[in-house]
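Since the structure comes first, as structure tokens, the remarks are kept for the end.
The values are calculated or read from the model by the stated rules, or taken from the named source; none is laboratory data. All of these numbers come straight from a predicted model, not from anything done at the bench. For neighbour counting, all protein chains shown are included, and Cβ atoms are generated from backbone atoms with ideal geometry for every residue, glycine included.
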Amino acid sequence: MKKTFVIFGLALVVAACNSNSNKSAGDSTATTTAATSPATSVSADTVGLALIKKNDCLTCHKVDQKVIGPAYQDVANKYTSSPAVIDTLANKVIKGGSGNWGAIAMSPHPSLSEADAQEMVKYILSLKK
Ligand code: HEC
């Protein structure tokens with residue numbers, strides 16, 4: 001309870017400061033708003049995202065940028081979500097492999113359950129634009 005008031009109070013102070021100055025402080029407010037809104041739209045699939053964070057996926061993948069593996073948004077745009085596609089991609093995550101995006105192979109993840117792999121794939125496919 002107390003914490004909420006403090007945070008709310010701080011937000012008011014920050015808001016008041018911004019409206020009183022015409023300096024670049026206003027820019028930072030805009031950036032914060034932009035950064036938080038995509039996160040809210042994605043929260044429907046937090047199970048898959050949590051699993052991705054718990055595993056090693058993010059060493060090779062980013063949501064919006066190619067690293068070693070393709071950006072998750074590119075993966076989402078390549079496929080149309082269906083039970084068959086989710087199944088195929090989940091198996092690929094477990095078994096690893098290459099060929100769909102280039103010569104670099106994804107490492108296998110044999111300790112993942114099919115169900116967990118499917119949750120992750122569902123989250124990835126939900127990033128489609
Ligand atoms: C060692 C780096 C690496 C790690 C770790 C990794 N990936 Fe990948 N991933 C890749 C590469 C490289 C590809 C592209 C494979 C290809 O060309 O077919 C890929 C492709 C994919 C694809 C698309 C597959 C296709 O056939 O289109 C999905 C989905 C995916 N990864 C999910 C995951 C998930 C979920 C994890 C964590 C459990 C993970 N990856 C961990 C490197 C990695």
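What the table shows:
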quantity: Region 114-129: number of residues that are touching a helix residue (DSSP H, G or I) at 6+ places or on another chain (Cβ under 8 Å) and more than 10 Å from Q73 (Cα to Cα); calculated: 9
quantity: Qualifying residue in region 34-51 (condition: part of a helix (DSSP H, G or I), modelled with pLDDT of 95 or more and of a type in the set (D, E, K, R)); calculated: no
quantity: Filtered residues of region 49-87 (kept if more than 7 Å from the ligand (Cβ to nearest atom), of a type in the set (V, I, T) and surrounded by 14 or more Cβ atoms within 10 Å (Cβ to Cβ)); calculated: V63, V85, I86
quantity: Any chance V93 is without any contact (Cβ under 8 Å) to a residue 60 or more places away in the chain, within 8 Å of the ligand (Cβ to nearest atom) and under 20 Å from the mean Cα position of the chain (by Cα); calculated: yes
quantity: Residues within region 102-120 that are in a helix (DSSP H, G or I) and near the ligand (Cβ under 8 Å from one of its atoms), tallied; calculated: 2
quantity: Any pair with Cβ under 6 angstrom, 6 or more apart, that starts in region 65-87 at a residue that is free of Cβ contacts under 8 Å to residues at least 40 places away in the same chain and ends at one that is assigned to a helix (DSSP H, G or I) and among the β-branched types (V, I, T); calculated: I86/V121
